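Okay, so here's the structure we're looking at.
The values are calculated or read from the model by the stated rules, or taken from the named source; none is laboratory data. Predicted model, so just to flag it, every value in this text is computed and none were measured. With ideal geometry, Cβ positions are generated from the backbone for all residues, glycine too; neighbour counts draw on all protein chains shown. Protein only, heavy atoms only, side chains kept; ligands, DNA and RNA dropped before computing areas. Shrake-Rupley method; radii C 1.70, N 1.55, O 1.52, S 1.80 Å.
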Amino acid sequence: MNNNFTSPDFYQIDDLLSEEHKLIRESTRQWVSKSVCPIIEDFAQKAKFPDHLIKELGEIGAFGPYIPQKYGGAGLDQISYGIMMQEIERGDSGIRSTASVQSSLVMYPIWKFGSEEQKLKFLPKLATGEMMGCFGLTEPDHGSNPSGMITNFKSDGDDVILNGSKMWISNSPFADIAVVWAKDENKRIHGVIVERGMEGFTTPETHNKWSLRASATGELIFDNVRVPKKNILPGKSGLGAPLMCLDSARYGISWGAIGVAMDCYNTALNYSLERVQFGKPIAAKQLQQKKLAEMLTEITKAQLLSWKLGKLKNEDKATSAQISLAKRNNVDMAMNIARESRQVLGGMGITGEYSIMRHMMNLESVITYEGTHDIHLLILGHDITGHNAF
Ligand code: TGC
Ligand code: FAD
């Protein structure tokens with residue numbers, strides 16, 4: 001495990017960052033090296049979520065970095081958020097998932113679409129980790145096509161009665177609240193805050209994953225759950241509301257993937273300098289240099305992409321298609337680098353002595369969730385041609 005990590009910066013991209021960005025990177029990096037790297041392999045092997053990290057994630061400001069301070073967030077810009085996701089995902093995609101679900105998929109919709117009462121009730125506790133949330137969009141029969149969702153509610157006095165189920169929900173087994181997307185009697189989609197303990201609401205865990213093993217994934221089952229109407233997010237309805245949340249999370253993932261790629265690249269570089277075969281370090285062999293040179297090239301391109309996207313997001317100018325391009329490119333880039341760097345390590349690459357194989361398996365989820373690789377291609381195709389090919 002490499003605990004003295006320095007990120008590659010071949011194009012002096014640090015010059016584009018503020019002093020605050022660099023401080024945030026340094027402090028998050030140190031926390032990851034101290035609290036995540038030493039324990040994460042063991043938790044992944046045991047398929048257990050390290051829940052003792054929740055409080056620390058709250059303390060380092062990883063929950064809602066860009067949410068205003070008034071609501072308990074850190075009031076930082078989008079590049080700061082991206083940098084935090086990069087550093088946390090260097091440790092493990094599952095820990096980044098916990099942070100990005102809490103920030104972009106739970107706090108963001110409450111902040112953007114919630115009533116003042118909802119914001120004051122939930123956001124400060126979500127920011128510290130005293131309360132944890134999850135986001136329920138995907139259903140057993142509606143993954144890439146969430147508009148077909150079946151989960152629905154009917155009005156009953158001051159309450160609604162919620163029925164249906166959600167699948168593949170990060171953090172569901174331990175979440176205190178779920179932001180659930182469900183259709184009303186007119187088939188209009190709304191966000192509903194469902195609280196643990198409401199009768200008829202259960203969250204069974206999904207087992208036997210080979211990917212994201214240090215993250216808890218589960219279902220959300222609603223069997224005539226009575227939810228007060230005051231728990232419906234009043235500010236926006238329709239599929240566009242959850243898609244706005246996804247835009248924020250996908251942007252964070254574009255940075256997170258860079259963290260994984262950097263960790264794999266550094267591990268492969270260090271190993272190749274130390275491992276001697278045929279009388280020389282394997283780093284002296286052209287075939288290994290080709291791998292390393294291509295890794296650095298792709299990391300550098302991805303760094304520039306996410307930085308520029310962050311600038312656009314700071315100005316509120318980033319389009320959904322631009323976000324899709326970065327999520328799709330950077331996760332694919334990280335997957336290729338994980339595969340190549342694992343080969344540099346030979347047999348050692350398949351062991352838990354190094355982080356690469358765990359990253360490689362995690363990325364199989366990252367390339368699927370928040371819109372699959374192919375769905376992001378179709379979003380780009382739609383943007384380019386004006387023709388919807390979904
Ligand atoms: P479509 O007809 O294109 O759009 C419906 C309405 O939404 C608007 N819209 C957006 N609004 C805001 N942001 C966006 N990114 C938007 N994209 C579209 C659109 O203008 C329209 O508005 P209106 O007013 O006309 O109704 O919708 P569609 O049904 O054809 O589907 C579009 C598609 C395929 C792109 C979308 O549904 C999609 O992205 N599918 C992928 C599903 C997905 O990403 N699921 C993620 C689940 S959450 C998750 O994976 C969390 S993992 C967390 C972790 O552990 O890190
Ligand atoms: P499907 O939609 O069934 O897709 C199967 C295949 O068909 C894919 O290759 C896809 O690209 C392709 N495909 C689909 N439509 C088309 C098309 N029109 N043209 C061509 N190809 C197409 N969801 C949440 O709501 N909240 C969460 O917190 C969450 N966390 C997750 C955590 C993990 C570990 C995983 C694995 C998933 C998580 N998801 C979550 C669900 C995730 O968003 C979905 O898995 C994803 O959107 C894909 O849906 P699906 O699995 O149903 O695949």
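Quick one: what does P(r) look like for the range 339-390 with 5 Å bins over all Cα pairs, in whole %?
Cα pair-distance distribution for the range 339-390, in percent: 5, 19, 18, 12, 11, 10, 10, 8, 5, 2.
Which residues among the range 342-363 fall inside the zone where the amide N is under 15 Å from a point 7 Å beyond the Cα of Glu294, along Cα→Cβ?
The answer is 342-345.
At 222 nm, what value in deg cm²/dmol follows for the chain if DSSP H runs of at least 4 each add -39500 (n - 2.57) and the sum is divided by all its residues, to the nearest 500?
On the way: 12 runs with 183 residues, N = 390.
Mean residue ellipticity, 222 nm, calculated: -15500 deg cm²/dmol.
Counting only heavy atoms of the protein chains, get the accessible area per residue of the range 13-132 (1.4 Å probe) and round it to a whole Å² value. Spell out each step's value before the answer.
Details: 4310 Å² over 120 residues.
Value returned for the range 13-132: 36 Å² of accessible area per residue.
When averaged across all projection directions, what area in nm² does the alpha-carbon convex hull of the chain cover? Intermediate values should be presented prior to the final figure.
Numbers: hull surface 76.3 nm².
Hull-based average projected area comes out at 19.1 nm².
If I model the range 240-385 as equal point scatterers sitting on the Cα atoms and use the Debye formula, what is log10 I(q)/I(0) at q = 0.15, 0.20 Å⁻¹?
Log10 of I(q)/I(0), two decimals: -0.75, -1.11.
How large, in percent, is the carbon and sulfur part of the accessible surface of the chain at a probe radius of 1.4 Å?
Details: 8710 of 16800 Å².
With neighbouring chains kept in place, the figure for the chain is 52 percent.
Give the shape of the range 118-271 as rounded, prolate or oblate, defined through the alpha-carbon gyration tensor: a ≥ b ≥ c are the square roots of its eigenvalues, a/c under 1.5 means rounded, and otherwise the shape is prolate if a/b is larger than b/c and oblate if not. Display every interim value, and only then the final one.
Working: a/c = 1.90, a/b = 1.89, b/c = 1.01.
Here the range 118-271 falls in the prolate category.
Helix 373-385: angle to the longest alpha-carbon principal axis of the chain, degrees 0 to 90, nearest 10?
80 degrees
How much accessible area per residue does the range 279-385 have, in Å², with a 1.4 Å probe? Each step should come with its number before you reach the end.
On the way: 5130 Å² over 107 residues.
That works out to 48 Å² per residue.
Using only the Cα atoms of the range 1-137, build the gyration tensor, take square roots of its eigenvalues as a ≥ b ≥ c, and label the shape rounded, prolate or oblate: rounded if a/c is under 1.5, else prolate if a/b is larger than b/c, else oblate. List each step's numbers first, then the result.
Working: a/c = 2.24, a/b = 1.27, b/c = 1.77.
Cα axes put the range 1-137 in the oblate bin.
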